[in-house]
1. Which entry in (1) 16.1; (2) 14.2; (3) 13.7 matches Kirkwood radius over Cα pairs in Å derived from the coordinates of this structure?
2. With angles folded into 0 to 90 degrees, how steeply does helix 32-54 sit against the dominant principal axis of the chain? Use alpha carbons for both and round to 10.
3. Which angle from 0 to 90°, rounded to the nearest 10, does the C-alpha axis of helix 60-82 make with the longest principal axis of the chain?
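Derivation of every value follows stated rules applied to the coordinates shown; laboratory data play no part. What you are looking at is a predicted structure, and each value in this text was computed from that prediction instead of being measured.
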Amino acid sequence: MNENLMNDLNLMLGRLNGLHAAVLTIARTLPAEQAQTAAAAMRDASEKVHSDALASPVSDTQINEMHRVMSEIAVVLQHAAQAR
């Protein structure tokens, strides 16, 4: 793998991991009702983004992974709501 591609991949993974950590931190600090609302909004947005993306020229791999990550964030928010 060439050096530029590897650097770009490392940047992308670092950003993704940073976003994941940020979501977990935010989820832990939300009051239960807000976490519940955020989880429902994330589930709805995930379905809409998924259906909209299917009509775009984005690869199925990207679309499916985006949907999976958004669904996972909804689960994190739901667990945060139930943990209180």
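1. Here Kirkwood radius over Cα pairs in Å agrees with entry (2).
2. Here the helix axis deviates by roughly 30 degrees.
3. Around 20 degrees separate the two axes.
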